[in-house]
Each structure stands twice: as structure tokens, then as C-alpha cells.
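Encoded as C-alpha cells, the structure appears first; notes follow it.
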Amino acid sequence: MEYIIAAHGRYAQEVKNSCQMITGQTTNISPITFTEEMGVTDVLDAYTAVYSPGNETVIIVDIVGGTPCNAAQIFSAQHPEVKVISGLSLGLIIPLSLGESLEGAMLGAKENTQFVELKASHTIVSDDGEEED
């Protein structure tokens, strides 16, 4: 499975960079950076440049209705085998980079969106390994 991730600003590139910090090098994720100077045609050209016909491909965008998403919908209309989803996040990309199914990664990202409470058992450890209060 090939993933094209696209978002406003450098978000997609930084999601990939952060993912690689955790999981190691990824070869099936291609980030697309969308800047203020770009339009739908520029994003379509970027999708075309990284798309590999014949590979199962999903374009993951940051938000519905934004230019990366609008371009992805146009691209998918031209390439019906390409799926488009929204909700780009590190919590979604890490499992995908490790081989999780798209459906499983989406469910996991949804389940991991929650309020996190501080637990009394958490201690802070300094850089030199000493526990701090």
C-alpha cells in the first residue's frame, strides 16, 4: 500500500519526519507540502509526480474542504482506484508505516483521541536518570 499525505504548510512532511523518528525509515509514504502560493493545479501536479499507477494508493489529507483535499478528490476522480481520507495525524501514520491495515489504523487513531489524565504513578526522570519530584 502506498500513502500520499498532504496538508497545509509543512505538516505532512513533519508527520513523516516524526514517524521516522519512531519507526525508522519509511518508503511507502510520500508527503506533499502545500504553501500559500500553490493552487489546486499545483497540488494535482504534486500528486501526479509521486503516484505509482498499479500500486494500491491512499491519499490522506489534513482537513475536508481544504485545497489538498479538493485536489485529492479531483485526482481520485481521474484515478478511481485511489482512495481519499481526511484526518492526517501521527497517530494514524505510525501504524500504517508498520503495516497495519488502513481500517485498523483509522480505528486506532479514533480510539486514541481522548482526554489524558495525570496518574499519580508517573514520575519525572531527569536527563541523567535521576527521579525528580
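How do 37, 103, 2 rank by accessible surface area computed with a 1.4 Å probe, from largest to smallest? Let's see the in-between values first.
Working: 37 150, 103 120, 2 55 Å².
My answer, sorted largest first, is 37, 103, 2.
Roughly to the nearest percent, how much of the accessible area of segment 2-106 is carbon and sulfur, given a 1.4 Å probe?
Values: 2700 of 5140 Å².
Roughly 53 percent, rounded to a whole number.
Based on the mean of other beta carbon atoms within 10 Å per residue, what is the order of 3-16, 104-117, most packed first? The partial results should precede the final answer.
On the way: 3-16: 20.0, 104-117: 11.7.
Top of the packing list down: 3-16, 104-117.
Calculate for the chain the 222 nm mean residue ellipticity that helices alone would give, adding -39,500 (n - 2.57) per DSSP H run of length 4 or more and normalising by residue count, nearest 500 deg cm²/dmol. Don't skip to the end; give the middle numbers.
Numbers: 5 runs with 54 residues, N = 133.
For the chain, the value works out to -12000 deg cm²/dmol.
In the calculated pair distance distribution of segment 2-106, what percentage of Cα-Cα distances lie above 19 Å? Intermediate results must be reported in sequence, preceding the final value.
Working: 1973 of 5460 pairs.
Roughly 36 percent, once rounded to a whole number.
Taking a 1.4 Å probe, which of 35, 27, 57 shows the most accessible area, and what order do the others take after it?
Details: 35 50, 27 125, 57 5 Å².
From most accessible down to least: 27, 35, 57.
Please report how far the C-alpha centroid of segment 59-102 lies from that of segment 21-58, rounded to the nearest whole angstrom.
Going from one Cα centre to the other spans 10 Å.
At 1.4 Å probe size, with every protein chain present, just tell me what the per residue accessible area of segment 2-106 comes to in Å². Don't jump to the answer; show the numbers that get you there.
Numbers: 5140 Å² over 105 residues.
Value for segment 2-106: 49 Å² per residue.
The values are calculated or read from the model by the stated rules, or taken from the named source; none is laboratory data. These numbers were taken from a predicted model, which means no experiment stands behind them. A quick note on method: Cβ atoms are made from the backbone with ideal geometry, for glycine too, and the neighbour counts reach across all protein chains shown. What goes into the accessible areas is simple: the full protein's heavy atoms, side chains included, and nothing from ligands, DNA or RNA. Shrake-Rupley method; radii C 1.70, N 1.55, O 1.52, S 1.80 Å.
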